[in-house]
């Protein structure tokens, strides 16, 4: 793609807006799966409820399993066609999950959410597509714009749950997962308007360099710290968020109140995205990541302070804000660690590691909640986030030492 710098910015903004719109629609699968997956699993299980969050784990496992195949497919057929295929896979997952509820099949339901997760593995590449299609100084804003589409997913997903979960009564929750079929198909339609170039505009502005060995890229200290902070931010968010609906219902609140709590949480995850890019440009990526980690610790403190509804909701809001700063900042740091020729392999490995850990965190959420309760979920956040802050601090000190030398 050729053109003036203004043309490149204009095309980058168009791409980011389309991807943000698709994020709002296809991204609604996540709040639906997370708010209802554990409760539906609880409903489908017998007396032993320890695996209630396994369907949510299935969703996260699907994202992890789909990361590398999604990257490979998009190399073969292009990102536009790959993204559209992801929307169709999400729709198929919704169909299987709804069918499983009619059949009262727990493991088929978990498989349906795994399929929906595989579809959402493509969605995780939206932010990279926006960044790779943008000039260097627009990359953080492009990532923020795309993730900003999640604000609308925070409304669309939970409202879909509230208005459709009893659509096929007395079969609970089936309507919400049937709605995923419509959302996946609509997302594919929106993505059909993309016109991504074979070579990203950022590459047109930067020098062309050959790809390095993958191990050399992954072992960069900056990449390792960025990965650690991004994975921890995402995994802690999933860990607490997955257990929260079970804890709220277990404390006597209604499924609708639990769903609205997830709605506030997802909105807090994505609403700051409209300014996160500017904050990164002003204060630096590392500062924003550190702010996110401190906010995650604040979430844990609020969660430990009591079990009133406002405390659950406030903790979930802080959890979302902490994830936003920690994850977007870490993603922007990762984007500095690879060349355009290395993007597909690095992004695929990054997301595989990210969502494998997130899947494990969501599974352990149910196990730990069932064994030790809500407070233990909150306590675990503090040392993990603290370790990330320590890693950031060591990296900053090493960089200053090199500058002085």
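Readers should treat all values here as calculations from the given coordinates under stated rules, not as data from a laboratory. Source: prediction; values computed, not measured. Note that we place each Cβ from the backbone using ideal geometry, even for glycine, and neighbour counts take in every protein chain shown.
Considering every alpha-carbon pair of region 294-338, the percent of pairs per 10 Å bin, from zero through the bin containing the longest distance, is 30, 38, 20, 10, 2.
The alpha carbons of region 315-396 give a radius of gyration and a Dmax of 15.4, 47 Å, in that order.
Expressed in Å, the radius of gyration and Dmax of the Cα atoms of region 245-284 are 15.3, 44.
Rounded to the nearest 10 degrees, the inclination of helix 54-77 to the longest alpha-carbon principal axis of the chain is 30 degrees.
Region 386-404 and region 35-111 have Cα centres separated by 39 Å. Taking the C-alpha atoms only, the angle from helix 221-250 to the longest principal axis of the chain is near 20 degrees. Translational diffusion of region 82-237 was estimated from the Stokes-Einstein equation, with Rh taken as the Kirkwood radius over Cα pairs; at 37 °C and 0.692 mPa s the coefficient is 182 µm²/s. The helix-based estimate of mean residue ellipticity at 222 nm for the chain, built from -39,500 (n - 2.57) per DSSP H run of four or more residues and divided by its residue count, is -28000 deg cm²/dmol to the nearest 500.
Whole number please: convex hull volume per residue of the Cα set in region 229-337, in Å³? Walk me through the numbers before you get to the answer.
Working: hull volume 8.9 nm³, N = 109.
Taking the convex hull of the Cα positions in region 229-337, it is 81 Å³ per residue.
Cβ crowding within 10 Å ranks 352, 270 as 352, 270, fewest other Cβ atoms first. Here the simple spin-label model places points 7 Å from the Cα toward Cβ, and for residue 14 and residue 371 these points are separated by 5.4 nm. With the simple model of a label 7 Å out from the Cα in the direction of the Cβ, residue 390 to residue 189 spans 5.2 nm.
Between 0 and 90 degrees, the angle of helix 5-26 with respect to the longest Cα principal axis of the chain falls at about 10 degrees. For region 44-170, would you read off the P(r) tail past 23 Å as a percentage of all alpha carbon pairs? Percent of Cα pairs beyond 23 Å in region 44-170: 41. The ellipsoid equivalent to the alpha-carbon distribution of region 345-386 has semi-axes of 26, 13, 4 angstrom, derived from the gyration tensor eigenvalues as √(5λ) and listed largest first.
To the nearest 0.05, what FRET efficiency results for residue 72 and residue 182 with a Förster distance of 25 Å applied to their C-beta separation? Walk me through the numbers before you get to the answer.
Numbers: r = 28 Å, r/R0 = 1.13.
The calculated FRET efficiency here is 0.35.
Could you calculate, for the chain, the ratio of the Cα radius of gyration to the Kirkwood radius, expressed as Rg to Rh? Intermediate values should be presented prior to the final figure.
On the way: Rg = 20.2 Å, Rh = 20.9 Å.
Radius of gyration over Kirkwood radius for the chain works out to 0.97.
Hey, for a label at residue 353 modelled as a point 7 Å past Cα toward Cβ, could you say which residues of region 217-253 have their backbone N under 15 Å away? Under cut-off, by backbone N: 217-235. Set the Förster radius R0 to 41 Å, insert the Cβ-Cβ distance between residue 382 and residue 214 as r into 1/(1 + (r/R0)^6), and round the FRET efficiency to 0.05. My answer for the efficiency is 0.75.
For region 1-102, the calculated P(r) over all alpha carbon pairs, in 10 Å bins from 0 to the bin holding the longest distance, is 13, 34, 28, 15, 7, 2, 0 percent. Ranking of 260, 167, 377 by neighbouring Cβ atoms within 10 Å, starting from the fewest: 167, 260, 377.
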